[in-house]
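Asks: Attaching a single structure in structure tokens format; questions to follow.
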């Protein structure tokens, strides 16, 4: 089984979770019951993550959202997998602050599972990471380049 982490919530939500943990602990210290609710929300925001599980024995994959060791998602049959492709794309983002504008361009590598009639985006990220994961999956499924 190959486990691919695709990320956490955006950084501002993770920081919000940390701040809520601190505030909730402070409210619990003052013996206020709603401090426990604040701690629970903070833990949720701080610990949530997402990813993909690929089971080569049963030819299934699962896009999951989870916390700690709990992973929620639906298993999908990928027995008809034909090709695993890695593509490079350039994504641009225009940033405007007051009267100053600038455009950032980033190279992003994407890994797709391709079937007869469809294509599923599995992972996106830096070149080395995406290519290493693709090699692992190709070796597990015995798919040639």
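The values are calculated or read from the model by the stated rules, or taken from the named source; none is laboratory data. Only a predicted model underlies this, so the values are computations on that prediction, with no experimental measurement involved. Here the Cβ is made from the backbone with ideal geometry for all residues, glycine too, and neighbour counts use every protein chain on show.
Asks: Output the number of residues of the stretch 8-22 satisfying the condition of being farther than 30 Å from residue 134 by Cα and surrounded by 15 or more Cβ atoms within 10 Å (Cβ to Cβ).
Replies: Final tally of qualifying residues: 4.
Asks: Restricting attention to the stretch 121-133, which residues are under 14 Å from residue 61 (Cβ atoms) and touching a residue at least 40 places away in the same chain (Cβ under 8 Å)?
Replies: 122, 123, 133
Asks: If we keep just the residues of the stretch 86-113 that are in contact (Cβ under 8 Å) with a residue 24 or more places away in the chain and surrounded by 14 or more Cβ atoms within 10 Å (Cβ to Cβ), which is nearest to residue 142 (Cα to Cα)?
Replies: Per the criteria, the residue is 113.
Asks: Answer yes or no: is there a residue in the stretch 28-48 that is in a strand (DSSP E or B) and under 22 Å from residue 134 (Cα atoms).
Replies: no
Asks: Something else: Given the conditions (1) outside any loop (DSSP other than H, G, I, E, B); (2) more than 14 Å from residue 6 (Cβ to Cβ); (3) modelled with pLDDT under 85, and given that residue 131 satisfies all but one, which numbered condition is not satisfied?
Replies: It fails just one condition, (3).
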